[in-house]
Amino acid sequence: MRNFLEIGDLFPEEMKSKNYILYKRIIHYEDGTTKDIIILRDTAHDKVMMSNDEADVITCEDFLNNANGDVLILGLGIGFVVFPLLEDTLIKSIDIIEIDEGVIEMVSPIIKEKDIYNKVNIFHGSAFDYYNNIEKKYDTIWIDIWEDVREKELKEAKLLMDGYKGLLNPNGYIDYWTLDKFRIKYGIQ
Ligand SMILES: C[S@@+](CC[C@H](N)C(=O)[O-])C[C@H]1O[C@@H](n2cnc3c(N)ncnc32)[C@H](O)[C@@H]1O
């Protein structure tokens, strides 16, 4: 079992790029404790793309516990799933494909600061065609490019699963972010 890290202190109060704003909110829990929540908001569409709140912990924990060896992640976001892998001896490399240059500019220096074993490479491009450029094989592939997953996104997920399966080593792990109930509702695994 791996645990997500408290990443609140790593981020400044606020950063802005062309398409996103990245900012902190303090959540006050009923037991009196607080937590810094980092929020990545898509400003053009006014929607939260990623955060480190409990919903993201629950929906990303299967990936986190299955990650091993050479890892490929589609979608940088706030790097929430990346931080716990940086010092893990089972993880050899972490390649990340991100479509938004502003997200890369805001988040990659924060990851690089913690990447003491130099495992992380971040590539600018779209997950939908980037696999054509990749010759490397991976032990773990995690597809996480959406803020919500319904019928349209599940169809995209299937496309990406088919596209990236060929980059997986034998017995490798590939999966995509979603909520199990949507998979069941739309009959897509
Ligand atoms: C939900 S966030 C990823 C969360 C991230 N895995 C984490 O741990 O913080 C989705 C990210 O995917 C990116 N994205 C959206 N469409 C993409 C595409 N076609 N190819 C690559 N990245 C994409 C977004 O810009 C955003 O940074």
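The values are calculated or read from the model by the stated rules, or taken from the named source; none is laboratory data. Here the structure is a predicted model, which means the values were calculated and not measured. Counting neighbours? That spans all protein chains shown, and the Cβs are built from the backbone with ideal geometry, glycine included.
Answer yes or no: is there a residue in the stretch 69-77 that is outside any loop (DSSP other than H, G, I, E, B), in contact with a Phe, Trp or Tyr (Cβ under 9 Å, 6 or more places away or on another chain) and either modelled with pLDDT under 95 or more than 13 Å from the ligand (Cβ to nearest atom) (or both). Yes.
The number of residues in the stretch 115-147 that are more than 27 Å from E87 (Cβ to Cβ) and free of Cβ contacts under 8 Å to residues at least 12 places away in the same chain comes to 4.
Would it be correct to say that I122 is away from the ligand (no atom under 11 Å from the Cβ), modelled with pLDDT of 95 or more and in contact with a helix residue (DSSP H, G or I) (Cβ under 6 Å, 6 or more places away or on another chain)?
Details: away from the ligand (no atom under 11 Å from the Cβ): no; modelled with pLDDT of 95 or more: yes; in contact with a helix residue (DSSP H, G or I) (Cβ under 6 Å, 6 or more places away or on another chain): yes.
No, not satisfied.
Test S93 against the stated conditions and say whether it is of a type in the set (G, A, S), surrounded by 14 or more Cβ atoms within 10 Å (Cβ to Cβ) and more than 15 Å from the ligand (Cβ to nearest atom). So that I can check it myself, show each step before the final result.
On the way: of a type in the set (G, A, S): yes; surrounded by 14 or more Cβ atoms within 10 Å (Cβ to Cβ): yes; more than 15 Å from the ligand (Cβ to nearest atom): yes.
Taking the combined requirement at face value, the residue satisfies it.
Restricted to the stretch 1-51, the set of strands (runs of 3 or more DSSP E) holding at least 3 residues that are of a type in the set (V, I, T) comprises 20-28, 34-42. Name the residues in the stretch 17-57 that are free of Cβ contacts under 8 Å to residues at least 12 places away in the same chain and either out of contact with any Gly (no Cβ under 9 Å at 6 or more places or on another chain) or of a type in the set (K, R) (or both), would you? H28, Y29, E30, D31, G32, T33, T34, H45, D46, E54, A55, listed by residue number. The single condition among (1) surrounded by 15 or more Cβ atoms within 10 Å (Cβ to Cβ); (2) within 12 Å of the ligand (Cβ to nearest atom) that A55 does not satisfy is (1).
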